1. Rolling a 1.4 angstrom probe over the protein heavy atoms, how many square angstrom per residue are accessible across region 67-159?
2. How large is the Kirkwood hydrodynamic radius of region 144-197, counting all unique pairs of alpha carbons, in Å?
3. Order Ser89, Ser36 by their accessible area, 1.4 angstrom probe, all chains in place, largest first.
4. Plugging the Kirkwood radius over Cα pairs into Stokes-Einstein for region 28-140, at a temperature of 20 °C and a viscosity of 1.002 mPa s, what D comes out in µm²/s?
5. Separation between the Trp148 and Arg195 pseudo-spin-labels, each 7 Å from Cα along Cα→Cβ, expressed in nm?
6. In whole angstrom, how long is each semi-axis of the equivalent ellipsoid of region 48-100, when you take the square root of 5 times every eigenvalue of its Cα gyration tensor and sort them from largest down?
7. Given the convex hull of the Cα atoms of the chain, what is a quarter of its surface area in nm²?
8. Does region 88-142 classify as rounded, prolate or oblate by the C-alpha gyration tensor (a ≥ b ≥ c root eigenvalues; a/c under 1.5 gives rounded; else a/b over b/c gives prolate, otherwise oblate)?
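The values are calculated or read from the model by the stated rules, or taken from the named source; none is laboratory data. As the structure is a prediction and not an experimental result, all values here were calculated from the model. Note: ideal-geometry Cβ built from the backbone for every residue, glycine included; neighbour counts use all protein chains shown. Just the protein is used for accessible areas: all its heavy atoms, side chains included, with ligands, DNA and RNA removed. Shrake-Rupley method; radii C 1.70, N 1.55, O 1.52, S 1.80 Å.
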Amino acid sequence: MSAQTGLVKTDSYYGSFQAIRLIKKVATYILLVAASLIVLFPLFFSFSLALQGPTIAPTLLPDFSKLDFSAFGDAFKIEKNLGRWILNSFVVSLLVTLGQLFTSSLAAYALATLNFPGKNIFFFIILGTLMIPWESTIITNYLTISNWGWKDSYQGLVVPFLSTGFGIFLMRQYFMTIPRDLYEAAIIDGCGRTRYLWSILLPLSRPALGTLAVYAFLNTWNQYYWPLLVIDAPEWRTTQVGITVFRSSEIAVFNLQMAATIIVMLPTLLLLVFGQRQLVRGLTAGALKG
């Protein structure tokens, strides 16, 4: 009897434990769904307004029997430069991303692998640039770009951001996690330093490169203050500056405003969706490798 009683109690405890785990799991998913809805609410509401047609009294949800997608095409018809603004932002973001990947990889390779006098001093100087506010250097950069005649040009939007202390720090820290023995073995086998970088080190550092690429592209795409300073001609505006002008000129047409905003956000949303796995791998790689 005592053995049977013990088995019954054990089964009872196990069933209670499973029920508690199930409740906790359901509660966790409910909280995650609620948090996701809160975070995505502005996007859903913008899409809802874009589908409601020209109205001065928008509602939270559109009339699903009268969805109007014409605002997405009308935004390009009303603002002729919208396509050019998207192209400008894409070109500038792509060039800045490639430039940061190139300069950060080379500088990080030297700081992590090579031995030369003053290496630590250079590294601390690079770290020090992370503590310098961008606002304290913007006047110097603006005067330089103006004196070189680079206003209203791609080089004026790109050159000041081709190198970043954050990118060098990120790549250097990742390179440090790769065993030094691999470098020494490659050198012994006749592999040069440049070939080691491009053929061995960078392929192993794809998570960090992906993280830096996503970070650089999103930061550049969302720039507002610098393009506002160096761009005067309407056709050279980037999306963030252009969409602000567009919203101010179409202040009462909510569906056009929201449609144009969603069009501008679409590239960054696609980048986030397709680059999420690489971004997460890059952010967690250091923790996994110790």
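1. On the way: 5180 Å² over 93 residues.
So region 67-159 comes to 56 Å² accessible per residue, rounded to a whole number.
2. On the way: mean 1/r = 0.0696 Å⁻¹.
One decimal place: 14.4 Å for the Kirkwood radius.
3. Details: Ser89 5, Ser36 60 Å².
My answer, sorted largest first, is Ser36, Ser89.
4. Details: Rh = 19.9 Å.
It diffuses with D of about 108 µm²/s by this estimate.
5. Placing both labels 7 Å along Cα→Cβ, they lie 3.6 nm apart.
6. Working: eigenvalues 218, 36, 14 Å².
After scaling each eigenvalue by five and taking roots: 33, 13, 8 Å.
7. On the way: hull surface 106.3 nm².
Directional mean of the projected Cα hull area for the chain stands at 26.6 nm².
8. Details: a/c = 3.56, a/b = 1.37, b/c = 2.61.
Taking the square roots of the gyration eigenvalues as a ≥ b ≥ c, region 88-142 is oblate.
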